[in-house]
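A.B. asks: Just dropping this structure here.
Only the coordinates and a few stated rules stand behind these numbers; no lab work does. The model shown is predicted, which means the values in this text are computed figures rather than measured ones. Cβ sites come from the backbone with ideal geometry, for glycine too, and all protein chains shown count toward neighbours.
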Amino acid sequence: MTKEIRICMGSACFARGNDKNAEIIEKYISENNLDAKVELYGARCANICEKGPNFYINDECTNDLKKVMEYLEGLKNE
C-alpha cells in the first residue's frame, strides 16, 4: 500500500520554508528508492497557517520536518 505525504504550498507555509522542504523530501525519497512506497503531493492551504509550515503524513498533520524524515526512514525498513 502506497503511503502519502502532502506538503502545504499555501503562501504562508511556502514562505516559511516548504519550498525547500519539498526539495529535501523529494530528494530523500529518490535517493532511498522509496518512490514505489510514497506518493508526494503539494497541498492547498488547510487554514492552520499559524502552525506552519505544515505537512500531512497520510491524514495526520504535523509541522515538524524531522517527524516527516523519521517516518520516511521507517519506510526504508518495511
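A.B. asks: What are the pairs, 6+ residues apart or on separate chains, where a residue within region 21-44 that is in contact (Cβ under 8 Å) with a residue 24 or more places away in the chain and closer than 13 Å to VAL68 by Cα has its Cβ under 8 Å from a residue that is among the aromatic types (Phe, Trp, Tyr) and outside any helix (DSSP H, G or I)?
C.D. replies: These pairs meet every condition: ASN21/PHE55.
A.B. asks: Also, I was wondering about something else. Scan region 10-50 residue by residue and report those that are more than 23 Å from LEU75 (Cβ to Cβ), among the basic types (Lys, Arg) and surrounded by fewer than 13 Cβ atoms within 10 Å (Cβ to Cβ).
C.D. replies: Listed by number, the list holds a single entry, ARG44.
A.B. asks: Are any residues in region 51-69 in a helix (DSSP H, G or I) and surrounded by 12 or more Cβ atoms within 10 Å (Cβ to Cβ), and if so, which ones?
C.D. replies: Across region 51-69, the qualifying residues are LYS51, LEU65, LYS67, VAL68, MET69.
A.B. asks: Also, I was wondering about something else. Looking at (1) under 19 Å from ALA12 (Cβ atoms); (2) touching a residue at least 12 places away in the same chain (Cβ under 8 Å); (3) more than 11 Å from the chain's Cα centre (by Cα), find the lone condition where ASN47 falls short.
C.D. replies: For ASN47, the exception is condition (2).
A.B. asks: In this structure, does GLU39 turn out to be touching a Lys or Arg at 6+ places or on another chain (Cβ under 8 Å) and among the charged types (D, E, K, R)?
C.D. replies: Judged against the criteria, GLU39 is a match.
A.B. asks: OK, next. Does ILE7 fit the bill of being part of a strand (DSSP E or B) and surrounded by 19 or more Cβ atoms within 10 Å (Cβ to Cβ)?
C.D. replies: yes
A.B. asks: When you check LEU65 against the structure, is it in contact with a Lys or Arg (Cβ under 6 Å, 6 or more places away or on another chain), of a type in the set (A, V, I, L, M, F, W, C) and touching a residue at least 12 places away in the same chain (Cβ under 8 Å), yes or no?
C.D. replies: Spelling it out, it is not the case that LEU65 is in contact with a Lys or Arg (Cβ under 6 Å, 6 or more places away or on another chain), of a type in the set (A, V, I, L, M, F, W, C) and touching a residue at least 12 places away in the same chain (Cβ under 8 Å).
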